[in-house]
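Where a number appears in this text, it was derived from the coordinates with a stated rule and is not lab data. Everything quoted here is computed from the prediction, not taken from an experiment. Note that we place each Cβ from the backbone using ideal geometry, even for glycine, and neighbour counts take in every protein chain shown.
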Amino acid sequence: MTIKKYEVLLTEGARRDLDAIFDYIAENDGLVHADYVLERLLEVTESLSRFPERGAYPQELLLLGIKEYRQSAFKPYRVIYRVINQQVVIYLIMDGRRDMQSALARRLLGA
């Protein structure tokens, strides 16, 4: 049995999210912890190349009837993405304790 391999792409916004998370942790908890979190988040994104459908639908979008996006996590961080053909497009990587509703509306819905 062969497993389909998806190409994982990070939007510019998702790249900025990773940079901001790294910078914040490095400044507040040190480089070692920042490197650790960045590595785990990159593992989460790469794991999507094999089984992207396993991710849950973000509750904030489900309440709006939107089922095109999924999420995976390295708690407390959430990775919001969409599967398009053989690609996994990552739109948002964010601390789930922040205002996800506003972030999702701005980044995904252009509100």
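From the largest down, the range 24-66 spans 40, 25, 8 angstrom on the principal axes of its Cα atoms. Maximal additional length on extending the Asp29-Gln101 stretch stands at 23.2 nm, based on 0.36 nm per residue less the C-alpha distance.
The Cα center of the range 72-104 and the Cα center of the range 38-54 differ in position by 11 Å. Packing, as the average of other Cβ atoms within 10 Å across residues, places the peptides 56-64, 26-34 in the order 56-64, 26-34, highest first.
The convex hull defined by the C-alpha atoms of the chain has an orientation-averaged projected area of 7.5 nm². Of Gln87, Gly13, Tyr36, which is farthest towards the positive pole of the chain's charge dipole, taken about the Cα centre with +1 and -1 on the beta-carbons of Lys, Arg and Asp, Glu respectively? Farthest towards the positive end: Gln87. For the range 47-111, the Kirkwood estimate of the hydrodynamic radius, built from every pair of different alpha carbons, is 11.9 Å.
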